[in-house]
Amino acid sequence: MVVNAYILIQTEVGKAADVARAIADVAGVSLAEDVTGPYDVIVRAEAQNVDELGQLVVAKVQKISGITRTLTCPVVHI
């Protein structure tokens with residue numbers, strides 16, 4: 001079963017556009033946009049399972065320069 005999630009990202013001041021562009025190239029990311037509000041970038045991601053989603057966030061997304069904090073919100077179907 002495929003797991004979809006939104007990743008809410010806070011960045012260093014002035015880095016949102018750069019972070020969004022860099023994340024857009026990561027495998028498993030279907031959308032990355034810089035936004036206003038408490039978060040600077042919102043990402044839509046997809047993985048084959050929760051473990052793969054965790055690896056995507058920790059090993060790929062969080063390693064991008066300019067990111068200060070992430071919050072991963074898996075999509076649920078009720």
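The values are calculated or read from the model by the stated rules, or taken from the named source; none is laboratory data. Fair warning: this is a prediction, and the values are worked out from it, not measured in the lab. Cβ placement follows ideal geometry from the backbone for every residue including glycine, while neighbour counts extend to all protein chains displayed.
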For region 48-78, name all the residues that are under 15 Å from residue 9 (Cβ atoms), among the β-branched types (Val, Ile, Thr) and without any contact (Cβ under 8 Å) to a residue 12 or more places away in the chain. 58
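Which ones in region 1-23 are of a type outside the set (Ser, Thr, Tyr) and closer than 20 Å to residue 50 by Cα?
Taking region 1-23 as the starting set, the residues that turn out to be of a type outside the set (Ser, Thr, Tyr) are 1-5, 7-10, 12-23.
Selection gives 1, 2, 3, 4, 5, 7, 8, 9, 23.
Part of a loop (DSSP other than H, G, I, E, B) and at pLDDT below 95, is that true of residue 78? Write out each step before concluding.
Working: part of a loop (DSSP other than H, G, I, E, B): yes; at pLDDT below 95: yes.
Yes: the conditions hold for residue 78.
Consider residue 6 carefully, then state whether it is among the hydroxyl-bearing types (Ser, Thr, Tyr) and under 10 Å from the mean Cα position of the chain (by Cα).
Details: among the hydroxyl-bearing types (Ser, Thr, Tyr): yes; under 10 Å from the mean Cα position of the chain (by Cα): yes.
Answer is yes for this residue.
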Among the numbered conditions (1) in a helix (DSSP H, G or I); (2) surrounded by 15 or more Cβ atoms within 10 Å (Cβ to Cβ); (3) among the polar types (S, T, N, Q), tell me where residue 10 comes up short. (1)
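Here are 22, 45: which of them is touching a residue at least 40 places away in the same chain (Cβ under 8 Å), crowded, with 17+ Cβ neighbours inside 10 Å and assigned to a helix (DSSP H, G or I)?
One residue alone meets the criteria, 22.
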Considering (1) more than 14 Å from residue 15 (Cβ to Cβ); (2) assigned to a strand (DSSP E or B); (3) among the aliphatic types (A, V, I, L, M), say which one residue 32 fails and leave the rest. (1)
Scan region 20-36 for residues that are within 10 Å of the chain's Cα centre (by Cα) and within 16 Å of residue 58 (Cβ to Cβ) and jot them down. 23, 26, 28, 29
